[in-house]
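Below is one structure, written out as structure tokens, with a few remarks after it.
The values are calculated or read from the model by the stated rules, or taken from the named source; none is laboratory data. Only a predicted model underlies this, so the values are computations on that prediction, with no experimental measurement involved. Cβ: placed from backbone, ideal geometry, glycine included. Neighbour counts: every protein chain shown. Surface accessibility is based on the protein's heavy atoms, side chains included, excluding ligands, DNA and RNA. Shrake-Rupley method; radii C 1.70, N 1.55, O 1.52, S 1.80 Å.
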Amino acid sequence: MAYLNKVMLMGNLGKDAEVRMTQNNKKRVSFSLATTRRFRNPNTGEMQDDTAWHSIVAWDKLAERIEKLGIKKGTPLYVEGRVSYRQWNDPQTGQKHNVTEILMDNFEFLAPRHSSYSGENSDAGGEYGSNNLPPPPASDPDEQLPF
């Protein structure tokens with residue numbers, strides 16, 4: 001039997017990426033990603049938003065890449081990864097904590113190509129993500145649509 005633990009999210013960073021080094025000298029980057037589901041309230045008929053917050057973690061080379069790019073709060077991002085659950089006990093209070101995180105394997109910017117993230121070093125992608133679309137022809141504005 002095959003098993004699968006895969007997550008795909010599109011949302012906006014809720015805070016700047018935070019970089020830390022472990023005691024074993026491994027780089028770890030973490031940030032929150034907000035995803036919003038829009039739906040019509042069945043009672044009032046009004047549109048409502050339901051926002052979920054996800055804790056995203058990247059390690060090693062991917063963490064270095066994110067640190068180099070300096071992604072900031074509000075950046076629209078596509079993230080692929082897997083769900084991880086862990087527990088730990090607070091040594092001071094003895095309280096048990098449960099943590100759910102998305103361990104990121106890949107990402108892509110969802111910002112337009114002319115954004116500051118794809119400017120001078122437009123290698124924001126490669127192995128770790130990019131929209132990889134060629135620049136649209138300048139002649140017809142309708143041809144500039146990505147679909």
Q. Does the stretch 20-42 hold any residues that are hydrophobic (A, V, I, L, M, F, W, C), in contact with an Asp or Glu (Cβ under 7 Å, 6 or more places away or on another chain) and in contact (Cβ under 8 Å) with a residue 40 or more places away in the chain, and which are they?
A. Phe31
(Q) Going residue by residue through the stretch 40-52, is there one that turns out to be in contact with a Lys or Arg (Cβ under 7 Å, 6 or more places away or on another chain), β-branched (Val, Ile, Thr) and under 19 Å from Glu101 (Cα atoms)? (A) no
Q) Out of all the residues in the stretch 102-125, is one or more of a type in the set (Val, Ile, Thr), at pLDDT below 95 and under 20 Å from the mean Cα position of the chain (by Cα)? A) no
**Q.** Subset of the stretch 1-18 [among the aliphatic types (A, V, I, L, M) and assigned to a strand (DSSP E or B)]
**A.** Val7, Met8, Leu9, Met10, Leu13
Q: Select from the stretch 54-96 the residues that are touching a residue at least 12 places away in the same chain (Cβ under 8 Å) and either in contact with a Cys (Cβ under 7 Å, 6 or more places away or on another chain) or among the polar types (S, T, N, Q) (or both) and list them in ascending order.
A: Ser55, Thr75, Ser84, Gln87
Q.
With the structure loaded, tell me whether Ala17 is open to solvent by less than 60 Å² (accessible area, probe 1.4 Å), on the phi < 0 side of the Ramachandran plot and without any contact (Cβ under 8 Å) to a residue 24 or more places away in the chain or whether it fails that test.
A. no
Q | Lone unmet requirement of (1) open to solvent by less than 50 Å² (accessible area, probe 1.4 Å); (2) more than 13 Å from the chain's Cα centre (by Cα); (3) not aliphatic (A, V, I, L, M) for Asp50 | A | (1)
Q) Within the stretch 97-112, which residues are in contact (Cβ under 8 Å) with a residue 60 or more places away in the chain and either under 11 Å from Met8 (Cα atoms) or in contact with a helix residue (DSSP H, G or I) (Cβ under 9 Å, 6 or more places away or on another chain) (or both)? A) Ile102
